[in-house]
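One structure is given here, and the rest of the page talks about it.
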Amino acid sequence: MDSLKKIQQTVFSLHRLPDAEWDIFVQILTYKTFQKGDILTKEGEHEHHIYFLESGVTRNYFLKEGKEFTVAFHFSGEFVTAFYSLITGTPSVVTIEFLEDAEVIAIPYSDLEVFYQNSFHGATVGRKMAEMQYAHRLEKEMDLLSLTAEERYVTLLERNPELVAAISVKHLSSFLGIQPESLSRIRKQYARN
């Protein structure tokens, strides 16, 4: 099945699971479909799953004084969840919204923890996923603190060209920490150069 092939490639890129352990892992997976605008996890809810994006795009955002702040985007071939809620068992501080129709593979976290306990290789995959999340978060924090808005846009364009093409100016400017008008001006200036 193509769906299993994509998640298998992603998991195996972190650490290869023996066939018998892969077969056990597959048993905890369920498939779901979502439409553009659907909410995967809502701020204030408890997260209980990790999701693999088979197709589609999501954004993680929170509200403060009625204003949305986008903190992450996730694309096909990536894992997405409200990690803070999942790890701490507290209500989610973000809402995860689908920006286009999507197919996902849901992995119950309680089943995943059992898998980690019974599989050295599975635990290694989990550790490497956590390391990747930390590295991405640190990279974003450093960019926000040390780069201008234009430099952040160019860096984002170089790292994720599909992001810039697939995401609205409103959501992208929120992610970059600038006003939509500023992003439009930066895009025009960048296109001229």
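Before we move on, is Thr70 touching a Phe, Trp or Tyr at 6+ places or on another chain (Cβ under 8 Å) and polar (S, T, N, Q)? So that I can check it myself, show each step before the final result.
Values: touching a Phe, Trp or Tyr at 6+ places or on another chain (Cβ under 8 Å): yes; polar (S, T, N, Q): yes.
Against the criterion (touching a Phe, Trp or Tyr at 6+ places or on another chain (Cβ under 8 Å) and polar (S, T, N, Q)), Thr70 qualifies.
Where in region 122-188 are there helices (runs of 4 or more DSSP H), lying fully within it, with 3 or more residues that are more than 18 Å from the chain's Cα centre (by Cα) and without any contact (Cβ under 8 Å) to a residue 60 or more places away in the chain?
Once the helices (runs of 4 or more DSSP H) in region 122-188 are filtered for at least 3 residues that are more than 18 Å from the chain's Cα centre (by Cα) and without any contact (Cβ under 8 Å) to a residue 60 or more places away in the chain, what remains is 149-159.
Go through region 101-114 and report how many residues are outside any strand (DSSP E or B) and under 12 Å from Val57 (Cβ atoms).
1
A short reminder: the numbers here are calculations on the coordinates, not readings from a lab. Since the model is a prediction, treat every value here as computed from it, not as a measurement. Neighbour counts run over all protein chains shown; Cβ positions are idealised from the backbone, glycine included.
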